[in-house]
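What follows is a single structure, written as structure tokens, with notes after it.
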Amino acid sequence: MEQQIAYELAVGGVDPQAGLALFIKHDLGQTPDSSRAVIFLQRYMRVAFIAKDFERTAEILKRLESSSIVKGLTSVNIVGLLTHAKLAIVRNDYDAASDFVEQASDSNKEDFFLAYEILIRPLETLLAYKTKDYKEADKLIQRNIKWLRSRRISLLASSWIYFFQIIEALVNYEMTGEPIRQSLLNNYDEKFKPESPDYYILLETELAPFKINAQK
């Protein structure tokens, strides 16, 4: 029960540091030798990332991948690859991040799971923007918004569309100088952040100037 509370504190964006502290309390050096331990380590790893303890995130990921049998499971492998990618992005190592995302995408094509595809596509789009390939970023934005709608993933079910829209606004700003609409920033903060705080972190630096201006 306490671990579930800790996870909800972090993932919901209420108090990531408090959530991480509770996971640290229950960290007994678990290794991925049971399904229960794997779930614990995956949640612990995500909470550490949301709390911006990237060194701890990497350590937990290494522990999770210590078992070749567990690493061979598609679900665990993709979660690990996406975590590697997010860690590389916060280090501004976009080449490494792209390699990890490509591996995750290839793995998901072999054994397709919609929940992982929803996590892979935003990183592909984000990396196009981060590497200043704005033409590719715009193409991926339009493709992925259409894809979300084709899968009947509406704003009532998911706020991922705001992630693509905020990248679209950032690309537009770089190309034309047009500032990001305050209503979009509000939706991104209020609706997307609570759903995907780990992805929210990946654009904090780029969005910080717009939030400072909005406060003036």
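No value in this document is a laboratory result; all are computed from the given coordinates. Since the structure is predicted, the reported quantities are computational estimates derived from the model, not experimental observations. All Cβ positions, glycine included, derive from the backbone under ideal geometry; neighbour counts span all protein chains shown.
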Next item on the list: Straight distance only, please: which aspartates and glutamates reach the Cα of residue 132 with their own Cα at less than 15 Å, same-chain residues fewer than 8 apart left out?
Entry: 93, 95, 124, 168, 174, 206
Check: Using a simple spin-label model with points 7 Å from Cα along the Cα→Cβ vector, what separation in nm is obtained for residue 24 and residue 204?
Finding: 1.7
Check: Among 43, 152, which comes first, second and so on when ranked by fewest other beta-carbon atoms within 10 Å?
Finding: 152, 43
Next item on the list: Sort segment 25-92 into rounded, prolate or oblate with this rule: let a ≥ b ≥ c be the square roots of the eigenvalues of the Cα gyration tensor; rounded if a/c is under 1.5, and if a/c is not under 1.5, prolate when a/b is larger than b/c, oblate otherwise.
Entry: oblate
Next item on the list: Would you give the gap between the C-alpha center of segment 31-90 and the C-alpha center of segment 160-209, rounded to a whole Å?
Entry: 26
Notebook entry, point to check: Applying 1/(1 + (r/R0)^6) with R0 = 22 Å to the Cβ-Cβ distance of residue 55 and residue 75, what FRET efficiency is obtained, to the nearest 0.05?
Noted result: 0.30
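Taking the Cα centre of the chain as the origin, how large is its charge dipole in debye, to the nearest 20, when only Lys and Arg (+1) and Asp and Glu (-1) carry charge on their Cβ atoms? Mind dumping the intermediate values first?
Numbers: 27 positive and 30 negative charges, 93 e Å.
Around 440 debye, computed over the chain.
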Margin query: Within segment 28-47, list the residues whose amide N lies under 19 Å from a label point set 7 Å along Cα→Cβ of residue 67.
Written below: 28-46
Note to self: Can you show me the helix-derived [θ] at 222 nm for the chain, built from DSSP H runs with n ≥ 4 at -39,500 (n - 2.57) apiece and divided by the number of residues, rounded to the nearest 500.
What the structure shows: -23000 deg cm²/dmol
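Taking 0.36 nm per residue of sequence separation and subtracting the Cα-Cα distance, how much length would be gained by fully extending the chain between residue 110 and residue 33, in nm to one decimal?
Working: separation 77, 0.36 × 77 = 27.72 nm, distance 2.50 nm.
Contour length minus Cα-Cα distance gives 25.2 nm.
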Next item on the list: Over segment 21-95, calculate the relative contact order: mean separation of alpha carbon pairs under 8 Å at least 6 apart, over the residue count, as a percent.
Entry: 25
Check: Within straight cross-link reach of residue 211, meaning Cα distance under 17 Å, which lysines are found once same-chain residues fewer than 8 apart are removed?
Finding: 191, 193
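So what is the relative contact order of the chain, in percent, for Cα pairs below 8 Å that sit 6 or more residues apart?
Details: 208 pairs, mean separation 32.9, N = 216.
About 15 percent, as a whole number.
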Notebook entry, point to check: For residue 71, which lysines qualify as cross-link partners when the Cα separation must be under 16 Å and same-chain residues fewer than eight apart are set aside?
Noted result: 62
Item checked: Among 175, 160, 209 the positive-end extreme of the charge dipole of the chain (Cβ point charges) -> 160
